[in-house]
Every structure is written in structure tokens, then in C-alpha cells.
Amino acid sequence: MNYLSDSLLAAVVLIFSFNREVQLAVWTSLYTATVAIIVAAVFGVPVGLWLGLKRFRGRRLLITLLNTLMAMPTVVIGLVLFGLFSRQGPLGEFGLLFTPIAMIAGQTVLAIPIVANYVLACVNGADQRVIDTARTLGATQFQASIQLIKEIRFGVMAALIAGFGRVIGEVGVAMMLGGNIRGSTRTMTTAIALETSKGEFVFGLSLGIVLLCVALIVNLFLNMLQQR
Amino acid sequence: MNYLSDSLLAAVVLIFSFNREVQLAVWTSLYTATVAIIVAAVFGVPVGLWLGLKRFRGRRLLITLLNTLMAMPTVVIGLVLFGLFSRQGPLGEFGLLFTPIAMIAGQTVLAIPIVANYVLACVNGADQRVIDTARTLGATQFQASIQLIKEIRFGVMAALIAGFGRVIGEVGVAMMLGGNIRGSTRTMTTAIALETSKGEFVFGLSLGIVLLCVALIVNLFLNMLQQR
Amino acid sequence: MEPVVSLKHLLFTRGSFRLSIESLELVPKKVYALTGANGAGKSTLLRIMALLINPQRGVVQFPGITTGDADHLRRQVTYVEQSPYLFQGTVSDNLAFGLKLRGVARQEQIRRISLTLSIVGLEGFEQRKAKELSCGETQRVALARALVFKPDLLLLDEPTANIDVNSRPAFEGLLARLPKYGVTVVFSTHDRFQAQRIGAELLCIRDGMLQAQDTLCLF
Amino acid sequence: MEPVVSLKHLLFTRGSFRLSIESLELVPKKVYALTGANGAGKSTLLRIMALLINPQRGVVQFPGITTGDADHLRRQVTYVEQSPYLFQGTVSDNLAFGLKLRGVARQEQIRRISLTLSIVGLEGFEQRKAKELSCGETQRVALARALVFKPDLLLLDEPTANIDVNSRPAFEGLLARLPKYGVTVVFSTHDRFQAQRIGAELLCIRDGMLQAQDTLCLF
Amino acid sequence: AERLRLATTTSTEASGLLAELLPPFEQANDCKVDVIAVGTGKALKLGESGDVDVVLVHARSLEDQFMAHGYGSDRRDVMYNDFVLLGPPHDPAEALGTNDLVEVMSKIANSKVSFISRGDESGTHVRELQLWQAAGLVPQGSWYLEAGRGMGEVIIMANERQGYTLSDRGTYLAFKDKVDLKMVFAGDQRLFNPYGVIMVNPARHPHVKQDLARKFLDFLTSEEGQGLINGFQMAGEQLFYTQ
Ligand SMILES: Nc1ncnc2c1ncn2[C@@H]1O[C@H](COP(=O)(O)OP(=O)(O)OP(=O)(O)O)[C@@H](O)[C@H]1O
Ligand SMILES: Nc1ncnc2c1ncn2[C@@H]1O[C@H](COP(=O)(O)OP(=O)(O)OP(=O)(O)O)[C@@H](O)[C@H]1O
Ligand SMILES: [Mg+2]
Ligand SMILES: [Mg+2]
């Protein structure tokens, strides 16, 4: 087991050495994931609310499709967006491939079904009287939905946390659309994948521990926000 | 965009050609994910219930840790279990590395936090009176929990679906612990990764579409089960 | 004077339950008491009037209230459920909800909230957590939450069922006084003498139909 | 005869609310009526007796019921909440819950369920969905769900609050008859004459304390 | 049937060479070879920890280190192929037509057209760094992208950026029709790329299937094996050569 303990030790050393490259990768991971989760929330939360509240034909089918999207491998999302962003693709002229923007786009696509699904589950679990009560007090459908979000805010927060975790820990999209370019699109996860492919297991694992520490700090911070 | 439409076409051809190797990969993906999610449910559902029902010091910290685990890159899980299963690791003598068992173990570890978190969110959303009502009718704590699970069964099902999707779509654990051995541990996702690295984007994407079809069928089946 | 609400050729069915009302017009600034057995359809009728559920057939109109759209209408018609839902947060947050929607100024909100709370016998409850109230207190808060913005039509579902016996006269007095402030009240009740005490007009549901208003109501 | 439940030196506080009971013993096969203002602590006391919440101080014992452990005890003590929760599924599923736990045979379950439903005035409701009942129907099902396995101690929180006026005599008669079958009943109520009609002994909570049983109860 | 575990670089698996090479061996010895295709570094690591029986890689210096540490018990040269320099068809750095490798490298560096480096310490990457060194250059700047990815991915990136890169011939042939790149330089001695096969040391890892592993080494270096390697073609070109 000294392989695992070696990694732990290396992680501690890594954290306190303030290695420039590691810092940069942490930063890239953090800001792409943050932007992606914000954009995903803008789309995913309303979708989840809508599927949770409205009753219409085909609703169950849509939910099943949403569930299916959660099984989408990240590399497939990468492939599809690659087709969009590549030189020959419809958005090729903007030269977005292998930039953080392409990564963020992919991560957003990845996070939307997760956020939507989680919010849907929360809406299903929420007290059925919330919307009615708000409406009888004079709220429009939109205002009532906002009130519902407030009532299930812990669930929505959990949805965003789940999505954030998924995005910051994923590697397929970041690799495929970001390109793992040193100093620019290298994230913690692509760095880990790289070290692993080099056979530098201890270093890869210690980077993984650093990533988990970063995620822990973010979660502690969100947790603090929640408790206020 | 004919790269995307080509892939769609190729996927259709692929499905109806009943290619042996693809069938085998589908099967490997399916059964490892299924076993993993069952084992994950055995651990994850009680953890989620426990965190949702019991109030104790350090509970919020545990929940934060659980959230953090969701950010764990699959390759890191792969690395850690590699340390266990490798010949030099504590379980090395069983020679489990690069077998489906190792893959299943990794996928289980991956799915547990997801299932637990989702169940936790459902318990938080559930009517607070369920447990009390069951207990006043003579149920033990355990029987009352079972009743709670029945009441939130859609949420629990959603948790399992989310976990299943995550597991069947992941590639890091399958690569690292399974080894992508043709005819034995090659799953749909590792096959996609392989084809992508070969530059066979169309084939990779069409495999991705096949995978999504498989996931869709599984979800439709679960959906049918739910509606009965 | 135009009726506050008028129902015509109304039919509502759900499973084996069936509610049908040929015609009903409620006059402004009056109090109506709705009675009927359990499962007769009192709550259903109130929910229809509160625009929460749609009848399969027939029309529900509010000629005396607004010519605006449904969203305008909803600001004037409110409904207090039989087991009301209070929003998370404090009692004050709950009462402020409707006031905020109507753009009432902060200071005025505070004044009105404390006034209304004292009317329902909950002085000083502003900062209590809404989810930690007893049943009767919850019912009072829900009533206050509706009263605070003075609706034109107030629909109450068994509002005094869980109110303690010493406070009941005060509540009945309150219901009786509301028309003076321009509020039309419809409340359901199982207490056959309550309607008399308040001087409310009886509406009695039986066999899925409204009984003629002059027949003896057996509930 | 040993008391069914005995409370000693009980203190329960929550925020500014405080309930303290020096000593209370309930004799078997009697009916007790619990009264008090909204927020007086009726539900709290019932929940303590139902073992749902623990007092900060004092002991709750059930000498007349069982010498077994708490799980045994829970089979004999049951509590019907003020706004009861019905499990998903049918009315019959709800009633079967307690019977299954007690290992009652399938046939016997069906027999008892239909009998109990008719007692609470819900003949033929077996296959109705529990979540789609009116308020009064819900209250009846919850009562039936508790009655069906004949507990030793039955704690009811305002059981007739939402019951329609024509059915009330039947329910009061039922409560009055239960001791004959060996059931001790404690119910809370806001109807000061109900206790008299049933012949129940009055327990009156005021200022966080139980009033002496011989003083005049103002609720 | 017995199973032999072989860790190898992606190039041998992806090119299809192993699909030609393994079946005759498997048939002759009634066994199955489990191929784990990973980067050279990881392949050697798997050998080091005893999780595979045989490794087939191309990184001479690392292989020698591996042997020196006693992780391997037997190493043999199997075959070689070569590296080639790829670039965009219009060749903005005017590398085409130059005969000197060093000059080509400086031209690319001076043109400031993108150069995509593997950046993953693979055999190819190590060779690339040697070439820069030979040219007396330290590549840096926004034109020099260190991708940290596999060969195929890097070719795709070079294609997208219309830049230059160094590739092994096998992967280039596999990608030739998929990308808009052409070979701008090849054939220099310094682009020689030998593959070696190593049997993991049974003295360190007793569970290593040494008999089968030895047979595998023998087979690869036998006349039959060498013949299969020489006969293997991709896109009509021979890909690997034996000594
Ligand atoms: N969601 C629902 N789905 C199907 N049937 C329902 C639903 N809600 C209520 N019902 C049925 O409709 C009928 C009328 O219900 P309603 O709640 O209007 O009765 P009520 O007069 O308010 O009774 P109570 O005095 O018990 O409150 C009842 O038979 C009830 O079982
Ligand atoms: N979860 C809680 N947290 C804090 N305080 C609570 C909680 N539940 C109830 N209380 C307070 O405890 C007091 C007693 O509540 P309880 O429900 O026992 O009253 P009650 O006599 O049943 O009243 P009612 O007649 O309205 O049902 C009330 O002042 C109430 O606000
Ligand atoms: Mg009702
Ligand atoms: Mg109470």
C-alpha cells in the first residue's frame, strides 16, 4: 500500500510547493467548471421545473430521454461538439477548438441533463401545495415557480453541486475539445490522465488528491452559503 | 455536418449488422454496469437514508464529503483501485486486475456517492411524517425506513438510473482496471475511446449512438417497471 | 350590482365524484357558508372558484372584480386551504409574500403584518419559524396571509376547524365584519350554528348539487 | 390496576414553549379528553406519549401495557396526527400496514379492513387512492388505520375536527364504546361539550401545565 | 486456454499489426494474448508492477533502464519503423525540399507556424526533443503547443491548427486519408524507431507465465514472426521492418 501513501505524501508536497503548472491547471479546472455550471443552471433548472410541473403527453418519454442523456459518455459529447467546432464544421471559422470556450460548451452540455434531472426529482418530492398556495396569493406562474425554487433551494443547490462535481471531474470533453495544451487548456483531470499514461501513477494520484481538496473547499464554501 | 449524419447512418448499419465484437462490448458494458449499480444500491441507499434521517454532529461535514466524492475523476478511482488490485497491492494475489471484477469494483465505488446523494435529496424532500406515521403504527426503525423507501421509490429509481447512466457512460475506470482487452474487458466506452484515438471519429460516434440506444432501452424498461 | 362570481352550467367530475351546478351568483360584500358531508365537494367548489382547477364544462366568471386578465384576477381572489401550506421562513415572510407581489412599501408591509397578526390573535409571532407552529397557529397564519392584502373575494376552507374554542367568537366576529371592508367571504364549515351566528347565507352541497337556497339544509 | 401510562417530573421545552407535568397517570379502559388553547401543547403531549419526541427531563412509562422493549410497546400505542399522513397506494394498503406488521393472515386482514372502514363510515373505500381523498375522508382513514389492529392506547389529535356534523354522533359513540374493547383513548378537542357527551375525563393544559383535574376547565 | 498479458504501445495495436501477428501464435500454443494498449510509460509501469507478462514498446533508453533495474529478464529487438515530420499542404515553413533535418527544424521554429508536440514523454516526444536539441533550439512560444495526448489526437490537432508535428509512420498512414497534412520530411538516420519486447522478470514476479512469455519472445524473433512483420502492409505500404 505504500503506493497510496506515497501519493498522499506527494499531494501534500504538491499543495505546499505552489507549483505554477499545478496552480494553472487548478485554475483552468475551476473556472471552466464554474462557468459551465452557471450556464447549465440557466438551462437545466427551468427544464427540470417544467418537466416536474407540467403534465402533457410525451412527458414521461422526455424524462426517459433525459435519463438516457445521463449515460452519454463525455467523449461522445466531445466528438459531437468537435464536429461543430472543427475547421470544417459549421462553427469552424471562429477557431474555438482547443480553447477554454469549447471546453466550457462541452461541459455545459454534460451538466444540463444532470441538473435538470436532479431538479426534476426535487420538484417531484416537493409539497404539491407550493405552487397553488403562491398562485392563490396572487403570484403569476413565473413568480410561483420562483417561490418553488426557493422552497426547494437545498435540492437545487444539491443539483448544482452534483453537476459541478461531474464537470470538474470529467476528462473526455476537456481532452477532446480543450486538447490538454500545457499552459492553456490543461485541466487537473487532463493532467491526471497524462501522468497516468506516462506511468507516473503516484504523481497522477497526488494530482487527483489535490483536485479533491479543491472540490472539498468549493463544497465547504457552498455549504457555508447554504447555512446562512 | 455530414460527419454527424454519417455517424448516425453508420450507427444504424452497425446495429443491424449484429457485429459480434460490438455485441460483446454492449454485453460487457451492460452487465458490469448492472452488477455495479446493484452493489452500489446496497451500500448507497442506506447511506443516503441514514444521512437524510439521522441528526448528529458532523452530519453536514459528511454530506460535504459525499458531494466532494462526486467530483472524483474516474481515472483517480482507477488509480486507487489499481493500487489495491495490482500484483504488488494487498489484493494482488487474486489477479483481479484487468478482469471484469475489477471494473465492477471501480464502477461500484463510482456509483455509491451518486446513489447516496440522490437518495439523500429525496429523503430531504419527502414528507417528514412518513417515518413517524409508520412508527406509531408499530413499525421498527428498519421497517419504517423500508416504508419510506416505498414512498420515495420514484426518487430511488431515479437515483439508480442516474448511477447506471454514469457507470455505463464512464471510461476511466473501465480503461484503467479493465484494460480494454478485446473480447474480454472491452466495453462500449473503451471501444469508443479506442476508435477516437485511432481517428475513426465516425465509427466512434456511431458506437456512441449505439450505446445511447442501449441506455434508452434500459431506461424505457425501467420506466415501464415504474408505471406498473 | 354585478355578482362577484358567477358559475353557469358547471360540471366537474373526478372518478365517481360528480359536482354539477346549474347556476350560482354570489353578491358582493356578503358572507356565504358552504356546508355538506365529507366528500360532498366543498373543497372542490372552492378550488374551482379559486381558479386552481378547471371544470370539465361550464363557465366561471368574476364580473364584479376585474375586466383584466387572469393574473389580475388572481390578485383579488384568494383561497385558504383546509390544511394550509406555509412557506419556509418566518411568519412575517409568509405574510409579506402577497404584499411584495403587490408592491407594498417595506414600512407599510411591517405595519400591516403586525396589525393582521394581532387580528388573528398572534401578536408578536412575526419572527417565529412558520414550519414550527401548532396546527391552530398555522391556520391562523394562513388566514392572516390572505387577509393582509385585503382581497375582493376570500375563500376559506374550514377556517375555524382547529381554532380553540375561546378564540372562535373573535374569528366569527371577524368573518362577519369583513363585508364592511368590501370583502366577499365564502367559507366552508361543519358547524351548523356558525353560519347563523355570523349571519351568513347557507350554501349546501348534497349529492353533487347545490340545494335550492330556501330548502332546509341538513348540514 | 396498573396505569396504562404514567408521566413523572416531565419537562419539555422548545424555544419559548414550555410544558411541565409533575405527575399524570392514565387508568386503563377510560376515555380522556385533552383541551387547551392553540399552542398550549396538546399535540406535544400526545407526541410524547406516542414516543415520537423525548422530553428533556422526566420519565414516561407504560406499566399497564408491556414489559417488553420499546418496539413491543409501539405495537400497542398508536397516535393519529392532527393532519394525518396517508401512505401512497389505496386505502386498503394503508389499513393493511399495521396488520401486516402484526402478522395477521391475508383473509383476516380483508375482513377486518372492511369492517373497520364501515365503522368510520367509509364502506367500499378499499380501492380508493389514499392521496385522492377529501380532508374528512383522510381523517377517517387515519382513524381506521389505527383502530384496525386494536391498540391498547389510542392517542387521537383532534379526530373530529374535519368530520361532518351528521357523522359526529357516530364518532363520539365510537370513542365512548372503545374502552369496552379494552382500548384506552386520549383525544384532543376544541369542542367543550364533546368530552361531556362522550363521558370523557377532562385534561386541560394551560400555561404549560396540566390543570388540577377537579378545577373548572375553561376550554 | 492459458492467457498471456501483453502491455504494448497504442501504435502496434491501432495499426492492426497485432491482429496479424497474434492469431498464429495463439493457435500454435493454445493460448490467448490479452492486449493492453497504453502509452509506453504506462506499459513499462505495468511490467514493473508485474501486472503483465510481456511488454512491447519503443523507447530504447527507458527499456534499458527497465532492464538495469531488474524488472525484465529478457529483452530482444523485434522491429523498427521510423518517424516522419508532417505539415500542412502549402508548407508555410518551406520544410519540403530541404535535405537536412536540423535545417528543417530551424525553419519550422523560425516560421512561427504552430508545432504540436506530444508533450507526454512518450518515445515520440523524447525523439522530438532530441531533434530540437540537435538543431540547437529551445522550442517555446505560442507557436509551440505541448498537447499531452496520444499520437492520433496530436495529428488531428495539427490538422485543425494546420501546423507541423512529428509522428511515427504507422499512425501517419492510419490518419493519412482523414487529415489534410502531408509528410514534409522523412528518411533521416535520427528518425529511426526501434521496438523491443521484454519479458517481465519471473524472479521478481513469480506468477509471470515465463514459459509462454518466452515462447512469445521466441515467436516474435523467429522466422515466422519476422516474416509476418515484414509482410504487414497498411495502405499499401510496409510499416515495420526487421533487422
Ligand atoms: N385528487 C383527487 N382525485 C380524485 N378524487 C378526489 C381528489 N380529491 C378529492 N377527490 C374526491 O372528490 C370528492 C370531493 O372532495 P372534496 O375535497 O371537495 O370534499 P369536501 O366536501 O371538501 O370534503 P371534506 O368535508 O372531507 O373536506 C371526494 O369524494 C374525494 O374523495
Ligand atoms: N417543531 C417545532 N419547533 C418549535 N416549536 C414548536 C414546534 N412545533 C410546535 N411548536 C410550538 O410548541 C407549542 C405547542 O405546540 P402544540 O402543537 O403542542 O400545540 P397544540 O396544543 O397542539 O395547539 P393546536 O390546538 O393549535 O393544535 C406551540 O407554541 C408551537 O408554536
Ligand atoms: Mg374539504
Ligand atoms: Mg395540536
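The values are calculated or read from the model by the stated rules, or taken from the named source; none is laboratory data. Please read all numbers here as calculations on a predicted model, not as lab measurements. Cβ coordinates were reconstructed from backbone atoms using ideal geometry, including for glycine residues, and neighbour counts include every protein chain displayed. Keep in mind that these areas ignore ligands, DNA and RNA; they rest on the heavy atoms of the full protein, side chains included. Shrake-Rupley method; radii C 1.70, N 1.55, O 1.52, S 1.80 Å.
Quick notes on this structure:
- All positions within the range C:41-57 that are of a type outside the set (D, E, K, R) and either free of Cβ contacts under 8 Å to residues at least 60 places away in the same chain or near ligand 3 (Cβ under 9 Å from one of its atoms) (or both): C:41, C:43, C:44, C:46, C:48, C:51, C:52, C:53, C:54, C:55, C:56
- Residue match in the range D:123-132 (condition: away from chain C (no Cβ under 14 Å), within 27 Å of residue D:75 (Cβ to Cβ) and more than 16 Å from ligand 3 (Cβ to nearest atom)): no
- Checking C:66, C:35, C:78 one by one, the residue that is of a type in the set (Val, Ile, Thr) and at pLDDT 95 or above is C:78 and no other.
- Restricting the range B:172-182 to residues that are out of contact with any strand residue (DSSP E or B) (no Cβ under 6 Å at 6 or more places or on another chain) and facing another protein chain (nearest Cβ under 8 Å), the residue that is nearest to residue B:111 (Cα to Cα) is B:172.
- Identity of the residue in the range D:17-40, open to solvent by 10 Å² or more (accessible area, probe 1.4 Å) and part of a loop (DSSP other than H, G, I, E, B), that ends up nearest to the other protein chains (Cβ to nearest Cβ): D:38
- Answer from D:108, D:123 - the residue that is in contact with a Leu (Cβ under 7 Å, 6 or more places away or on another chain) and more than 12 Å from ligand 1 (Cβ to nearest atom): D:123
- Scanning the range C:41-52 for residues that are open to solvent by 30 Å² or more (accessible area, probe 1.4 Å) and assigned to a loop (DSSP other than H, G, I, E, B) turns up C:51, C:52.
- Of everything in the range B:133-171 that is open to solvent by 40 Å² or more (accessible area, probe 1.4 Å) and facing another protein chain (nearest Cβ under 7 Å), the residue that is farthest from the chain's Cα centre (by Cα) is B:143.
- Taking the conditions (1) within 13 Å of ligand 2 (Cβ to nearest atom); (2) modelled with pLDDT under 95 in turn, residue D:59 satisfies each one other than (1).
- For the range D:144-158, a residue qualifies if it is within 20 Å of residue D:47 (Cβ to Cβ) and open to solvent by 40 Å² or more (accessible area, probe 1.4 Å), and exactly one does: D:152.
- Conditions (1) open to solvent by 50 Å² or more (accessible area, probe 1.4 Å); (2) small (Gly, Ala, Ser); (3) within 14 Å of ligand 2 (Cβ to nearest atom); number of the one not met by residue C:161: (1)
- The residues of the range A:70-93 that are more than 16 Å from residue B:204 (Cα to Cα), buried (at least 21 other Cβ atoms within 10 Å of the Cβ) and of a type in the set (A, V, I, L, M) amount to a single one, A:70.
- When D:109, D:194 are screened for being over 18 Å from the mean Cα position of the chain (by Cα), surrounded by fewer than 22 Cβ atoms within 10 Å (Cβ to Cβ) and away from ligand 3 (no atom under 16 Å from the Cβ), only D:109 passes.
- Checked against the criterion of being surrounded by fewer than 18 Cβ atoms within 10 Å (Cβ to Cβ), hydrophobic (A, V, I, L, M, F, W, C) and not in a strand (DSSP E or B), the candidates E:203, E:213 yield just one match: E:203.
- Matching residues, the range A:175-194, being over 17 Å from residue E:116 (Cβ atoms) and open to solvent by less than 20 Å² (accessible area, probe 1.4 Å): A:187, A:188, A:189, A:191, A:192
- Filter pass, residue B:103 being within 20 Å of residue A:171 (Cα to Cα), of a type in the set (A, V, I, L, M, F, W, C), part of a helix (DSSP H, G or I) and open to solvent by 10 Å² or more (accessible area, probe 1.4 Å): no
- Every residue from the range C:48-77 that is within 12 Å of residue C:153 (Cβ to Cβ), within 16 Å of ligand 1 (Cβ to nearest atom) and more than 13 Å from every other protein chain (Cβ to nearest Cβ): C:60
- Residues being in contact with a Leu (Cβ under 6 Å, 6 or more places away or on another chain) and either more than 7 Å from chain B (Cβ to nearest Cβ) or surrounded by fewer than 22 Cβ atoms within 10 Å (Cβ to Cβ) (or both) - total across the range D:78-96: 2
- For the range B:118-131, the criterion of a residue being at pLDDT below 95, farther than 30 Å from residue D:99 by Cα and not hydrophobic (A, V, I, L, M, F, W, C) is satisfied by at least one position.
- Any hit, the range E:156-164, residues being charged (D, E, K, R), outside any helix (DSSP H, G or I) and open to solvent by 10 Å² or more (accessible area, probe 1.4 Å): no
- Looking only at residues of the range C:166-183 that are facing chain D (nearest Cβ under 9 Å) and surrounded by fewer than 17 Cβ atoms within 10 Å (Cβ to Cβ), we find that the one that is nearest to ligand 1 (Cβ to nearest atom) is C:168.
- Verdict on residue B:223 being in contact with a Lys or Arg (Cβ under 8 Å, 6 or more places away or on another chain) and facing chain A (nearest Cβ under 10 Å): yes
- Taken over the range A:106-124, the criterion of being at the interface with chain B (Cβ under 9 Å from one of its Cβ atoms) and surrounded by fewer than 23 Cβ atoms within 10 Å (Cβ to Cβ) is satisfied by A:124 alone.
- Candidate set: the range C:126-143, residues that are over 15 Å from residue C:97 (Cα atoms) and either in contact with a helix residue (DSSP H, G or I) (Cβ under 7 Å, 6 or more places away or on another chain) or within 10 Å of ligand 4 (Cβ to nearest atom) (or both); chosen: the one least open to solvent (accessible area, probe 1.4 Å): C:136
- Looking only at the range D:112-124, and only at residues there that are outside any helix (DSSP H, G or I) and open to solvent by 30 Å² or more (accessible area, probe 1.4 Å), the one that is nearest to ligand 2 (Cβ to nearest atom): D:121
- Which listed residue is out of contact with any helix residue (DSSP H, G or I) (no Cβ under 9 Å at 6 or more places or on another chain) and surrounded by fewer than 19 Cβ atoms within 10 Å (Cβ to Cβ), from E:223, E:237: E:223
- Among the residues of the range A:70-81, those that are hydrophobic (A, V, I, L, M, F, W, C) and either touching a His at 6+ places or on another chain (Cβ under 9 Å) or within 7 Å of chain B (Cβ to nearest Cβ) (or both) comprise A:70, A:71, A:72, A:75, A:76, A:79, A:80.
- Per-region count, the range A:46-69, residues facing chain B (nearest Cβ under 10 Å) and either at pLDDT below 90 or open to solvent by 30 Å² or more (accessible area, probe 1.4 Å) (or both): 4
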